[in-house]
Every structure is written in C-alpha cells, then in structure tokens.
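Take a look at the structure set out below.
The values are calculated or read from the model by the stated rules, or taken from the named source; none is laboratory data. Everything numeric in this text was worked out from a predicted model, so none of it was measured. Please note: Cβ atoms are built from the backbone with ideal geometry, for glycine as well, and neighbour counts cover all protein chains shown. Each accessible area value is taken on the protein alone, full model and side chains, heavy atoms only, with ligands, DNA and RNA left out. Shrake-Rupley method; radii C 1.70, N 1.55, O 1.52, S 1.80 Å.
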Amino acid sequence: ADIALAGARREATSIRAVAAALTLLVIMGAIGLLLLRARRRAAEALREAQHAQSATEAARTELERLVASLPAMVYHGDLAADGTLTSRYITTNAAQVIGWPHDRLPPRDTFLAHVDPGLGHEVAAFFAGLLKGGPDTLEYRLARPDGSWVWLRHHARVVARHQAGGEVTGGEVIGSLADITEERALRAQAAISSQLAT
C-alpha cells in the first residue's frame, strides 16, 4: 500500500509539474503574441511617422519653391520692445530681392549701418513703432554687399504681442521686403517729365 501511495504521489507530482510547465508555456506564448503585436504596432507607427515627415518635407520644399518665385522675400521673427528684430526664418530668395543671401544678412546690430544714412532713424522708428500699432509699411534704401543700392518696400505685421506686468515686452512679427528700385526710378522719371511738360 505504501508503494502504491508513493507511486500515486510521484504521478501526482509529475502531473503537477507537467501542468505547471504547460501553464508556463501558455503564459509565455501569450506574452510572445502580445510582444509581437506591440512590435507590429510600433513598426506601423514608425512607418506612419516617416510618411508624415516625408509629406511635411515635400510640402515645405514646394512652399519654398513657390515663395522663391515671389518678387519679395518673406521673414518671420521676434521683435523686442526696443525695436530689435531677431529672425527665425527668412526665405531663400533674399539674395534675389535685396542682394544679401538669407544666411549672410547683416547682423541686427549692423543692419542699420547698411540703410541709407538719411533713413536709418526712420527704419529704427518703424520697428519700434510696430508694437505700438504704428505704420506697417516703409520704403528705404539698403546697401548691397557689392556697394550698390536697392530701394525696398518693407511691410511688417505683429501677429502676437508678448506682455509682462501689463506692458508690451515684444512680439512675433511677419514681414516682406520687395525690391522697388525700378518703380522708384520710373516714378522719378515721371516726375521729371511732368516738370518738363509744365
């Protein structure tokens, strides 16, 4: 009887061990399936993110191409209360419009040194006045790197004002600069012709 009881115990232990092993296999299989599903979801999310990034890059390239064909350069930047502008973005057609490549514009502390000396104060006042709702368009001459001059029509708009303690401390600005050198020459020629006719 003791031998039969010992055999039954060994058999029960073996059955429990097999059941535990099968349970462990089932749990491991379930974990494996969950990991496989998670890996597939992660791979799909990565593909979607890469597709979205490609679409964004394509849209940006197309926008740059279209903006480059405009007769004006466009910029986006931060304007301090004292009128100091820090650019965040400048279109790549800057060299075609103002003569300065977008990555070699005069630094902000020397920009006014390149403006027609008689108009430098007006340009500084233009930037400082933007935050106060002043005029948003100004015409002035700017010296190109080769020493020639270009007449510009500068249009800017404050799209967000930053405040602290109820006072305006700066703002976000978008603007454009258009080469109006030929337009100014035609205006001057028309004025001369009008005087001669008179």
* Asked: Measuring from label point to label point, each 7 Å out along Cα→Cβ, what is the residue 65 to residue 42 span in nm?
  -> 3.7 nm
* Once the Cα gyration tensor of the stretch 25-69 is diagonalised, semi-axes √(5λ) in Å -> 43, 4, 4
* Just how far, in whole angstrom, is the stretch 174-198 from the stretch 1-21 if you go by their alpha carbon centroids? -> 107 Å
* Structure fact -> Expressed in µm² per second, the diffusion coefficient of the stretch 31-113 from the Stokes-Einstein equation, with Rh the Kirkwood radius over alpha carbon pairs, at 37 °C and 0.692 mPa s, is 201 µm²/s
* Asked: Along each of its three principal axes, how wide is the spread of alpha-carbon positions in the stretch 88-198, in whole angstrom units, largest first?
  -> 59, 34, 22
* Asked: Stokes-Einstein at 37 °C, 0.692 mPa s, Kirkwood radius from Cα pairs: D for the stretch 150-198 in µm² s⁻¹?
  -> 236 µm²/s
* Structure fact -> Kirkwood radius from Cα pairs of the stretch 22-178 plugged into Stokes-Einstein at 37 °C, 0.692 mPa s, gives D in µm²/s equal to 172 µm²/s
* Quick one: Kirkwood hydrodynamic radius for the stretch 116-176, alpha-carbon pairs, angstrom, one decimal? -> 12.8 Å
* To do: Convert each backbone phi in the stretch 141-157 into a coupling constant with the Karplus relation 6.51 cos²θ - 1.76 cosθ + 1.60 (shift: θ = phi - 60°), then list the ³J(HN,Hα) values in order as whole Hz, x for Gly and Pro.
  => 9, 10, 7, 7, x, 7, x, 6, 10, 10, 7, 10, 9, 9, 10, 9, 9
* Rounded to whole Hz, the Karplus (6.51, -1.76, 1.60) HN-Hα couplings of the stretch 35-46, x for glycine and proline -> 5, 5, 5, 5, 5, 5, 5, 5, 5, 5, 5, 5
* **Heavy-atom surface of the stretch 157-198, accessible at 1.4 Å and reported per residue (Å²)** => 70 Å²
* Structure fact -> When every protein chain stays in place and a 1.4 Å probe is rolled, 37, 184 sorted by accessible area with the largest first are 37, 184
